[in-house]
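Heads up, the thing below is written out as structure tokens.
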Amino acid sequence: MEGKTPHDLLATAASTWPDAIALRTDSDEWTYAELDYAASEIAGRVPAGERIAFRAELTPATVAAVWGVPRGGGIAVPIDPGLDVTAAAELSASLGATMGWPEHIDQIRSERDPVPDAPALVVATSGSSGASRGVILTFGNIVSAAFASQLHLGSRRGDVWLLAMPLHHVAGLAILWRAAHDGATVHLQRGFAAEPFAAALAGDVVWTSVVPTMLRRLLAARLDAPRLRGMLVGGAHVPSDLLAEALSRGIPALATYGMTETCSQASTVLPGQEAASVGTVGFPLPGVAVAVDAAPGEIGPISISGSTVATGYVDQPSRSGPLQTNDLGYFDAAGRLVIVGRSDEVIISGGENIYPQVVERALCFVAGVSDAVVFGVADDEWGQRVVAVVEGTGIDEDSVLGAVEGIPQYAKPKQLRVVESLPLLPNGKIDRNGAKDAF
């Protein structure tokens, strides 16, 4: 690996731990040397400067492409493998990418020596609350994120990460970066199903990452994870009752907050502090500055800065300065970050600001309610009125409305619908826009 820079995490891992297991599936294993060779084969066939889109199946071949395309001078654009041909082509075009590999390569190129500011990937945001955007992540962003995560979590060489998160979203990609930084193993599980995932956790898995819906399904299965040191839970609001149940079952669930623009994590509960941190997303990662524009203890807009933060989007001018998120929150007395919702989802009813996530948290404490989505609808008298769609069994609208506690009367839903299951996006997050169809 002579001549490689530390900004190619895979090359560094392969030169340091060539025989360590980088990837494994239920039927195969790849060492770091083997994965690095596969990435180099891809790198030698990438047209310089092109954005190359590919279906991000949870396979070793996709992992090799994630590493190999940037190494060869291209920009990797992993996309949802569930899209049909037309939708995949439309998404690729919107991100300025060529779908699939060129059929003819005139010459084999030498590999690029990555530099920190060079773009490595374009990752589409999840689109859980609106249109998706293509975020440009650099080698420097990726290395900084992996290093900060290692310092925060205390992960180390030889650990095993269980990966079932999509590789076209940053939560899945970040596991690859963390593992390569540490010399850890990634166990690929193609698609999430509770029973196989729980079975894998019963083995030598030390770390994993899930969204709240996945955690709820895991808790419904028989779950025993004797070596697990941390299960990152994020990507959406994490109900406090869900975290409390996980902790009561011996699962070290670590609520985490981040986004595509921050290379996944920005703030995460520290291992060992799970019980004291319920209701928060812990402390910012080393080198990541999280600020709340409000007086201490008061709710305000959140901004994030640091070397993990992306500086641009596809077809938009480069941005500078702190990333102004749409999220609202505050720091508690211990300095832990609490997320209360998004500024574009705040409900204003009768002059009162109502934060949907606070109401959702209260609804989830009602017996029989497993999840909830709260939003505002137009009202001639109040401007907006609070309504909710809840997922649960053995409950009805009146019983839920009568049992909600811990929030002001004006914040309680005026209407409510009970559904067997809330609609989900392909990445497992709740489709908030889809939930509104109940009204």
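Computed from the coordinates by the stated procedures, all read-outs in this text should not be read as laboratory data. Just so it is clear, the model here is predicted, and its values are computed rather than measured. With ideal geometry, Cβ positions are generated from the backbone for all residues, glycine too; neighbour counts draw on all protein chains shown.
Going by neighbour counts of Cβ atoms within 10 Å, the residues S267, S40 line up, fewest first, as S40, S267. Averaging the Cα positions of each part gives two centres, and for the range 253-324 and the range 14-59 these lie 30 Å apart. Can you work out the base-10 log of I(q)/I(0) for the range 346-438 at q = 0.13 1/Å, using the Debye formula on its C-alpha atoms alone? Normalising to I(0) and taking log10 leaves -0.40. Please say if the range 178-280 is rounded, prolate or oblate, where rounded means a/c under 1.5 for a ≥ b ≥ c the square roots of the C-alpha gyration tensor eigenvalues, and otherwise the choice is prolate for a/b larger than b/c and oblate otherwise? Rounded, since a/c falls under 1.5.
Using DSSP to call loops (not H, G, I, E or B), can you name the trypsin sites (Lys or Arg not before Pro) in the range 179-259 whose Cβ has at most 11 other Cβ atoms within 10 angstrom?
Those satisfying the criteria are R222.
How much length would be gained if the chain were fully extended between A333 and A220, taking 0.36 nm per residue of separation minus their Cα-Cα distance, in nm to one decimal?
Using 0.36 nm per residue and subtracting the Cα-Cα distance, I get 37.3 nm.
Out of the GluC sites (Glu not before Pro) in the range 225-333, which ones are loop residues according to DSSP with at most 11 other C-beta atoms within 10 Å?
Passing sites in the range 225-333 are E298.
The residues D380, D344, D80, when put in order of fewest to most other Cβ atoms within 10 Å, stand as D380, D344, D80. With one equal scatterer per alpha carbon and no solvent term, the Debye-computed log10 I(q)/I(0) for the chain at 0.07, 0.10, 0.11 1/Å reads -0.34, -0.70, -0.85.
When the Cα gyration tensor is reduced to axis lengths a ≥ b ≥ c, the ratio a/c is 1.5 or higher for the range 18-73, and with a/b not above b/c it is classed as oblate. Here the chain carries DSSP beta bridges of which approximately 60% are antiparallel, counting only pairs with both residues inside. Rg/Rh for the range 109-228 stands at 1.01; both radii use Cα atoms, and Rh follows the Kirkwood definition. Stokes-Einstein diffusion for the range 152-195 at 10 °C, viscosity 1.306 mPa s, with a Kirkwood radius from C-alpha pairs, works out to 146 µm²/s.
Sorting I52, I21, I251 on the 10 Å Cβ count, fewest up front, what's the list? Spell out each step's value before the answer.
Numbers: I52 26, I21 19, I251 22.
Ordered from fewest to most neighbouring Cβ atoms within 10 Å, I52, I21, I251 come out as I21, I251, I52.
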